[in-house]
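Notes for the one structure printed next.
The values are calculated or read from the model by the stated rules, or taken from the named source; none is laboratory data. None of the values given here were measured: they were computed from a predicted structure. As a convention, Cβ positions derive from the backbone with ideal geometry for all residues, glycine included, and neighbour counts pool all protein chains shown.
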Amino acid sequence: MECIYINLDSAAERKLKFETNFNAFKKPDWTLTRFSAVNTEMVKARNVKGESQPAEKGCFLSHRDIIGANLDHDRPLFILEDDAVIGKRTCALVERAFSQNDKPDWDILFTDVCIPGVKAMVDTLRFRRELAAKKVDIAFMNLTKTNFAGSTAYLVNPQSKRKLYSLLCAADELNIPYDLYLRGLAHISALKVYVMFPFVTSLSALSETSQIKSAVDRTQLAWNMFRKMVWMERNLAECKPVLEQLKSTLAEKDLVEFNSLLTSPDQELKAFGILFSAAAAKAA
């Protein structure tokens, strides 16, 4: 598997953490290439038009440039941002996605995404628990009608690279972030987009300090934690400090809606009760 990760030249700590994690779990025949991310100075030099912030434009162009540089081979492409993490099962499950179908019926296959919105988060947790009860290892979720975000880690079907690149180049002006542009293409059925579920990659702790947004608010933190907590290899004990941090920001009225989860003897439900309460409190 050919893997390419995006990393700013100035982000040395992210480079080290990403490569350490990747090298710990990769299979011998997996390769990793670093792509020097398009920075804000490059964006200005390229005179990129549109209303997006310079860092958002740099992110969009980085993904587009990677795809454009890999059009002439028929291998799948695994694109990752430098706050992604893989686990001990990631490589095997990603390879299974191709071994079971040598002509996959998707253009983009995410390995995790952000699911904003409390109702969607509740439904996603329910689905995870249903799969676990049925002992189903992995499922493919169709994102055509799903409100999703994030472009941290995804596979590009080798037969879809030129199609995807053409759609990305059609954006003469960059007015929305890259992930939301992909979501828009999925919602109008211009792209077939799925996500592996439970997620087979997740976010590192560095995701709490976004390079695009200067601060991460409570809702964004809750969304990030949800991605980590529905990851196939999640560890609820490791999530507890952030969950307690989120809970400390909530008033009693914020805890009422999910009180049945918060008082459950099921530790998973109790943890998600805090998460859902934090995600809902911002909009209340």
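General remarks:
- Apart from one condition, Ser207 fits all of (1) modelled with pLDDT under 90; (2) buried (at least 19 other Cβ atoms within 10 Å of the Cβ); (3) farther than 27 Å from Ser10 by Cα; (4) among the small types (Gly, Ala, Ser); the exception is (3).
- Pairs where the first residue, in the stretch 80-99, is farther than 14 Å from Phe197 by Cα and among the charged types (D, E, K, R) and the second is at pLDDT below 95 and part of a loop (DSSP other than H, G, I, E, B), C-beta under 6 Å, 6+ apart: Asp83/Ser204
- Residues in the stretch 160-196 that are of a type outside the set (A, V, I, L, M, F, W, C) and buried (at least 18 other Cβ atoms within 10 Å of the Cβ): Ser160, Lys161, Tyr165, Pro177, Tyr178, Asp179, Tyr181, Arg183, Lys192, Tyr194.
- Neighbours by Cβ (under 7 Å, 6+ apart or cross-chain): first from the stretch 12-33, within 19 Å of His63 (Cα to Cα); second of a type in the set (Phe, Trp, Tyr) and surrounded by 11 or more Cβ atoms within 10 Å (Cβ to Cβ): Phe18/Tyr5; Leu32/Tyr5; Leu32/Phe22
- Yes/no for Val94 being part of a helix (DSSP H, G or I), β-branched (Val, Ile, Thr), buried (at least 19 other Cβ atoms within 10 Å of the Cβ) and within 20 Å of the chain's Cα centre (by Cα): yes
- Subset of the stretch 1-47 that is surrounded by fewer than 18 Cβ atoms within 10 Å (Cβ to Cβ) and β-branched (Val, Ile, Thr) - its residue that is farthest from Leu77 (Cα to Cα): Thr40
- In the stretch 143-159, residue surrounded by the fewest Cβ atoms within 10 Å (Cβ to Cβ) [restricted to those that are among the aliphatic types (A, V, I, L, M) and outside any loop (DSSP other than H, G, I, E, B)]: Ala149
- The stretch 143-184, subset at pLDDT 95 or above and of a type in the set (Lys, Arg), residue nearest to Phe78 (Cα to Cα): Lys161
- Some residue of the stretch 101-122 being part of a helix (DSSP H, G or I), in contact with a Lys or Arg (Cβ under 8 Å, 6 or more places away or on another chain) and surrounded by 14 or more Cβ atoms within 10 Å (Cβ to Cβ): no
- Residue list for the stretch 266-284, filter: surrounded by fewer than 19 Cβ atoms within 10 Å (Cβ to Cβ) and part of a helix (DSSP H, G or I): Gln267, Glu268, Leu269, Lys270
- Of the residues making up the stretch 240-265, those that are more than 27 Å from the chain's Cα centre (by Cα) and either loosely packed, with under 15 Cβ neighbours inside 10 Å or outside any helix (DSSP H, G or I) (or both) are Ala251, Glu252, Lys253, Val256, Glu257, Asn259, Ser260, Thr263, Ser264, Pro265.
- Restricting attention to the stretch 186-200, the residues being part of a loop (DSSP other than H, G, I, E, B), in contact (Cβ under 8 Å) with a residue 12 or more places away in the chain and more than 15 Å from the chain's Cα centre (by Cα) number 4.
- Residue pairs whose Cβ atoms lie under 9 Å apart, sitting 6 or more positions apart in sequence or on different chains, and linking a residue in the stretch 144-159 that is within 13 Å of Ala186 (Cα to Cα) to a partner that is basic (Lys, Arg) and in a loop (DSSP other than H, G, I, E, B), are Thr144/Lys192.
- Condition met for Ala45 (in contact (Cβ under 8 Å) with a residue 60 or more places away in the chain and of a type in the set (A, V, I, L, M)): no
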